[in-house]
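Chemist: Below is a structure I'd like to ask you about.
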Amino acid sequence: MSYGQNQPWGLQAIKTLSGTWNGQTSQYKIQSGYAFNIFKGDLVFLGNDGYIHNLGELGNANLQVRQSLGVFDGCSFQTSVATNPIDPASPARPYWPAGTVTFNAIDATCFIIDDPNVIYNIQSDAAGVPFNKQGATAAVNYSFVTGTNPSGNTNTGTSNVVLDTGTLGNNQFNLKVIRFVPVSGNVPVSNGASRVPYNNVEVVIQNHTFASRPAPY
């Protein structure tokens with residue numbers, strides 16, 4: 001993570017409200033042919049079809065108040081044609097490429113951080129989070145390849161999701177800001193209005209499938 005620079009990495013799990021995050025995830029399924037990318041660090045929801053969906057497929061205008069199951073942390077699937085000639089048997093993937101047809105149409109297994117108490121590190125957008133918005137909620141902001149198909153880093157599999165500072169307030173949006181990541185130069189002067197562009201904050205998922213959180217201040 002590069003603080004103060006526009007290098008998003010989605011939602012990075014760093015700890016929990018009660019202590020250390022030990023990497024726990026739960027297994028869910030992605031349907032063969034699912035038409036949207038899912039990158040590591042993207043928010044996801046469980047659709048009424050029983051499969052994992054990227055929250056980004058709803059588009060930035062609609063995803064703000066949708067409950068999230070958690071954060072995508074990679075997947076495993078096989079295809080009929082080897083995508084890695086050096087190690088064609090390895091099914092582990094850092095992200096789900098949109099429209100992938102799996103071998104024999106077998107559901108892909110994906111790994112979701114679905115513990116509602118996990119705290120994440122996320123980069124803000126160019127405006128940055130001001131000091132007096134600790135405790136506020138905000139929506140996430142996806143970038144898209146086309147339409148509502150989320151973009152990300154296809155080399156590393158990491159998400160391009162950032163915190164949308166234009167939505168900071170007391171709405172029941174995707175994330176709740178807890179505090180600034182304690183890195184030199186990341187925290188603005190404590191006069192309320194000061195901002196550090198692209199600064200990073202620690203957040204929890206406000207609208208979580210497994211948690212009912214009080215409304216922000």
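Chemist: On the basis of being aromatic (F, W, Y) and crowded, with 19+ Cβ neighbours inside 10 Å, does F131 make the cut?
Modeler: no
Chemist: If you don't mind, another one. For the stretch 134-177, give me the residue count where each residue is aromatic (F, W, Y) and within 13 Å of D42 (Cβ to Cβ).
Modeler: Adding up the residues that qualify gives 2.
Chemist: Also, I was wondering about something else. Among the residues of the stretch 188-209, count how many are closer than 13 Å to Q134 by Cα and surrounded by 14 or more Cβ atoms within 10 Å (Cβ to Cβ).
Modeler: 8
Chemist: When both residues are 6+ apart or on different chains and their Cβ atoms are under 7 Å apart, which pairs have a first residue that lies in the stretch 180-197 and is hydroxyl-bearing (S, T, Y), and a second that is part of a loop (DSSP other than H, G, I, E, B)?
Modeler: S194/P130; S194/P188
Chemist: Residues in the stretch 165-181: is at least one hydroxyl-bearing (S, T, Y) and either within 22 Å of I113 (Cα to Cα) or modelled with pLDDT under 90 (or both)?
Modeler: No, every residue in the stretch 165-181 fails to be hydroxyl-bearing (S, T, Y) and either within 22 Å of I113 (Cα to Cα) or modelled with pLDDT under 90 (or both).
Each row is one residue, and each column tells you yes or no for (1) within 18 Å of the chain's Cα centre (by Cα); (2) buried (at least 21 other Cβ atoms within 10 Å of the Cβ); (3) on the phi > 0 side of the Ramachandran plot.
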{"residue": "G135", "(1), (2), (3)": "no, no, yes"}
{"residue": "Y142", "(1), (2), (3)": "yes, yes, no"}
{"residue": "T146", "(1), (2), (3)": "no, no, no"}
{"residue": "N149", "(1), (2), (3)": "yes, no, no"}
{"residue": "T154", "(1), (2), (3)": "yes, no, no"}
{"residue": "V161", "(1), (2), (3)": "yes, yes, no"}
{"residue": "F173", "(1), (2), (3)": "yes, yes, no"}
{"residue": "N186", "(1), (2), (3)": "no, no, no"}
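The values are calculated or read from the model by the stated rules, or taken from the named source; none is laboratory data. Computed from a predicted structure; not experimentally measured. Note that we place each Cβ from the backbone using ideal geometry, even for glycine, and neighbour counts take in every protein chain shown.
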